[in-house]
Structures are given as C-alpha cells and as structure tokens.
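Written out below as structure tokens is the structure these notes cover.
Every number here is computed from the coordinates shown, using simple stated rules; none is lab data. The shown structure was predicted, so the numbers you read here are calculated from the model rather than taken from an experiment. Cβ atoms come from the backbone with ideal geometry, glycine included; neighbour counts cover every protein chain shown.
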Amino acid sequence: MPIHNTMRAALRALTRHDVDVTTQYERKRKMVNAIHPPLASPFRIWDHTITLEDHTIPVRLFAPPEPGPHPVLLFFHGGGWVTGNIDSYTSVCSRMARLTGHLVISVDYRLAPEHPFPAGLEDCYAAAREVFCNCESLGICHRQITLIGDSAGGNLTAAVSLMARDRGEFLPARQILLYPATWNDHSPDSPFPSVRENGEDYLLTSRQVCNYMTLYLGDHPENRQNPYFAPLLAPRLDHQPDTLIITAEYCPLRDEGEAYGHKLIEAGNTVAIYRIPNALHGYMSLPASFVPVRRSYEIINHFLRKVEQP
C-alpha cells in the first residue's frame, strides 16, 4: 500500500526544514541526540573502551535478558558518518539485544568532518579485530560473531568485511546490511533510479547524502573511488561473509544496497536480499510495534538461526 497523501505532505514538510549539514553539522548532531535520547534499558548495559596507540574507541555492550553466553552482533551505527553515537542508538541496540537474543556491541567510531575517511572505518575495523581476537573471553567462537550496521553503518560493515579479507587478520562469517550506502554518487547522474524516485520528500534526501559524503571525504576527494569508501567499486567481492541485505521501499539508497547484494552473489557469496514495503530510510529506529521493524526482525532472526552454528 503506497504512502497516502496526508503522510506524504507531512514528510515533505519535515524534509524541507532540515538543516544544511555541511555548515551546521554540530547543530544536526544535537538534533539527532535530542530526537533519540539514551533511554534507560531494563537489561544489562556496560560501557567499555578499546585502547589504540593514539586514541580510545568507546563501545557499549547490551545483554539480552536470558542468561549467557550469547552470540554477538557487532553494531556500527548510521548517521552519515557525521552524526549519531552510542547514546543516540541506545534504544535501538537495547531492542536489538532483546529481540535477537544476542549480545550487541555498539561502536562509537570517530565522526567526520573532524575525522574524515578512513578514520571511522579504521575504528570499526579495530573494534572488530578486538572482538574476534578475544571471542573466547565472551564464551563464544568466531563464527558466532555477526557484523551489522544501518545506513552509513551498513557501508562501514561492508567495508570492514572487505578490509578483513584484504588484511587477513580475521574473517567475519556473517554480515547484516540495513539500507546501506554502497555507491559514491547520489547526484541526478546516479545509475540508480531510487536516488531520483526517493531522493526528495522522504526525510533522507539525495542532496543530504551528497553532503554527508562530502564531509566524510574531507580534503581528499580522490577517495571517492576507494572501494572502502564505496564498496560497490570493489574490483572483486569474493570471500565475503554470508550476507543479509534489507532495504526500504522509499529510500534513496535502496537500489545501490540491492545492487551490492547481487554483485556479492555474482562473486560466489551466499546472500539474501529483502525490500521492506512502505518503509522509509532509518525506520529501524522506530518502536518494535511498527510493521516494518517487526518484519525486519523476523528476517534477521531467520538469517541468524539459519547460519549461526557454534
């Protein structure tokens, strides 16, 4: 069922009052934090840090209510590489732990423009390496760790998997990409129809995606051609994890996410692709009672049960 006219008008009004993130990214961060406050969770939460040579990476662990040990979802949040943090995603991750029965580890990677590509990606990779290399301390094996991310976090998830294959330090068995950004061009010249069909009046606009990417690139526009920036550019996609890709019908990133899945399949990987009808970009932040959220967790849990073996 398509979005009705009243809802479409409301979405159009909300979209057109958004701030210009290129000049007001700090204001945008405050808005995101205000909209998504770190609500208290009835379950166990721990804050931890991963120490590197020149900085630390905060992470937050969300345990499901059942006794452990639990398999792990290593989560990279969305926000265009510019906004979002473990506080603004606390309710999402707490719900994810409860509905999947997994220990969710949320990574507070560095944000652009203060820390442009590949700083945030390197933080996500370092967090993944830490979890994989110390999985026995969690009472699990490496095959019980799944990478997961939404939007820009889906981009980071795919890039971490590529980087893991290329560096050879660990290799994820599974990844879940929720309406991921995988391409480098969201102008009207994009090869993907969803950029034009859904690029206005559906909260996330194509112009916003372009602005986020500009901030993420910083002073190195040549990185736009880097496969770790845009995974669809990867010349080879062999030896990638079993992959679940979930896209949203009214999302400008819809087609590139699905195209990445098909390219993974062509490279010999095991991939499942689902498009959630009547859903907007970012819908996983909505309560679990919303149909798209409920359906997505049904798909996620089916994927995890099917492929997750100790």
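Taken as entire DSSP H runs, the helices of the chain that both span 18 Å or more between Cα atoms along their own long axis and average -1.0 or more on the Kyte-Doolittle scale are 21-35, 119-133, 152-167, 291-307. In the chain the longest region clear of trypsin sites (Lys or Arg not before Pro) that are loop-assigned by DSSP and have at most 14 other C-beta atoms within 10 Å covers 45-235. Quick check on the chain: of the DSSP beta bridges with both residues there, what percent are antiparallel, nearest 5%? About 30 percent, rounded to the nearest 5.
The Cβ shell under 14 Å around Thr182 holds other residues with a net charge of -2, Lys and Arg each +1, Asp and Glu each -1. Residue-wise HN-Hα couplings along segment 247-252, as the Karplus relation 6.51 cos²θ - 1.76 cosθ + 1.60 with θ = phi - 60° gives them from phi, are 10, 10, 4, 9, 10, x Hz; Gly and Pro carry x. For segment 71-76, 3J(HN,Hα) computed residue by residue from phi via the Karplus equation (6.51, -1.76, 1.60; θ = phi - 60°) reads x, 10, 10, 8, 9, 10 Hz, glycine and proline entered as x. Based on alpha-carbon centroids, what's the gap between segment 255-310 and segment 108-129 in Å, whole number please? Segment 255-310 and segment 108-129 have Cα centres spaced 24 Å from each other. Measuring nothing but how far apart in sequence close Cα pairs (under 8 Å, 6+ apart) lie, relative to its length, the chain scores a relative contact order of 17 percent.
Can you give the helix-only mean residue ellipticity at 222 nm for the chain, where every DSSP H stretch with n ≥ 4 adds -39500 (n - 2.57) and the sum goes over all residues, rounded to the nearest 500 deg cm²/dmol? Let's see the in-between values first.
On the way: 9 runs with 116 residues, N = 310.
When only DSSP H runs of four or more count, the value is -12000 deg cm²/dmol.
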